[in-house]
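S.K.: Got a structure here, written out as structure tokens. Questions coming.
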Amino acid sequence: MSKIILITGATSGIGKASAEVFAKKGYDLIITGRRQKKLNDLSYKLAKKYAVKTLPLCFDIRILKEVKKATQKIKGKWKNIDILLNNAGLAKGFHEIHEGVIEDWDIMIDTNLKGLLYMTRMIAPSMVKKKKGHIINIASVAGKEVYPKGNVYCATKFAVDALTKAMRIDLHKYGLKVSQVAPGHVEQTEFSLVRFNGDEDKSKIYQDFKPVNSKDIAKIVYFIASQPKHVNIQDILVMGTQQASSNFINRSGR
Ligand code: NDP
Ligand code: 8X3
């Protein structure tokens, strides 16, 4: 029987690239996001290209009622989820703390932190029952060190880092794996465009250096997922060769 991965935030970037990498390896996919057409298109494309089954679920991860309603649609064989990839997330705004936009703070906390918690709470119980399953969180270098104007986004990713460790402690005794990938800048995503509210000029932050891309991260997620049963990779911090930390990037050209 094929394995099943549930990927949150599969309509673009790292989530979408992960859907393709896992489909190529024969995984059936539950893919989520708020943009129905993108979910449908990806579902159709991957099902056709790799002969896998797909279940698109369109909902806002910030709204518990929607999360519950969507996850209740996971029935029959789809309930046997092997991997939960907690990927959906975003940065909104880039301001010093005293000028921060409170609505942006709420969006980041509700998505990156509460959304991840809601999904974990819905999916982990059946994994615990089966004593089998793997939760992989997409964290960030922003959850390892803060940078100017990163304040609330960094705080949400520090929280993800803490939750990965905490989930591991709570779940290891049930035979579950918990892992995270903490990337630096990742291109081939909508991350920067979303952070700068669709401002194309401001979002051009990858022109003078070469970061890792969404497919690089997807392949690392698959590497984590494909270890033998007795091996749990807890954390991978990964950046482009020209990036040494959040605050040190060699911007001398790509
Ligand atoms: P993208 O903007 O390309 O993808 C973000 C995904 O999250 C989209 O599929 C989006 O779907 C989904 N999403 C956002 N808000 C919601 C919501 N309220 N409900 C449901 N889904 C939502 O960015 P990335 O691929 O870069 O981001 C993926 C993860 O990687 C995030 O957690 C991000 O913090 C992390 N990350 C990104 C880095 C980067 O430099 N790009 C570096 C380190 C970590 P939709 O809009 O359809 O709802
Ligand atoms: C995304 C990477 O450095 O823009 O998490 O915060 S960064």
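The values are calculated or read from the model by the stated rules, or taken from the named source; none is laboratory data. Values in this document were obtained by computation on a predicted structure and should not be read as measured data. Reconstructed Cβ throughout: ideal geometry from the backbone, glycine too, with neighbour counts over all protein chains shown. Heads up: the accessible areas ignore ligands, DNA and RNA and are worked out on the full protein's heavy atoms, side chains in. Shrake-Rupley method; radii C 1.70, N 1.55, O 1.52, S 1.80 Å.
S.K.: Within region 146-170, can you find the residues that are open to solvent by 60 Å² or more (accessible area, probe 1.4 Å), of a type in the set (Lys, Arg) and on the phi < 0 side of the Ramachandran plot?
M.R.: Scanning region 146-170 gives a single hit, 165.
S.K.: A further question on this structure: Conditions: (1) under 17 Å from residue 59 (Cβ atoms); (2) open to solvent by 10 Å² or more (accessible area, probe 1.4 Å); (3) not small (Gly, Ala, Ser). Residue 14 meets all but one. Number of the miss?
M.R.: (1)
S.K.: Only residues that are more than 22 Å from residue 122 (Cβ to Cβ), more than 13 Å from ligand 1 (Cβ to nearest atom) and part of a helix (DSSP H, G or I): list them for region 34-75, please.
M.R.: 44, 45, 46, 47, 48, 49, 50
S.K.: Follow-up. Read through the list (1) open to solvent by 20 Å² or more (accessible area, probe 1.4 Å); (2) more than 16 Å from ligand 2 (Cβ to nearest atom); (3) within 17 Å of the chain's Cα centre (by Cα), then give the number of the only condition that residue 124 fails.
M.R.: (1)
S.K.: Is it true that residue 41 is surrounded by fewer than 19 Cβ atoms within 10 Å (Cβ to Cβ), away from ligand 2 (no atom under 16 Å from the Cβ) and not hydrophobic (A, V, I, L, M, F, W, C)?
M.R.: So residue 41 passes the test.
S.K.: Return the only residue of 25, 53 being without any contact (Cβ under 8 Å) to a residue 60 or more places away in the chain and more than 18 Å from the chain's Cα centre (by Cα).
M.R.: The conditions single out 53.
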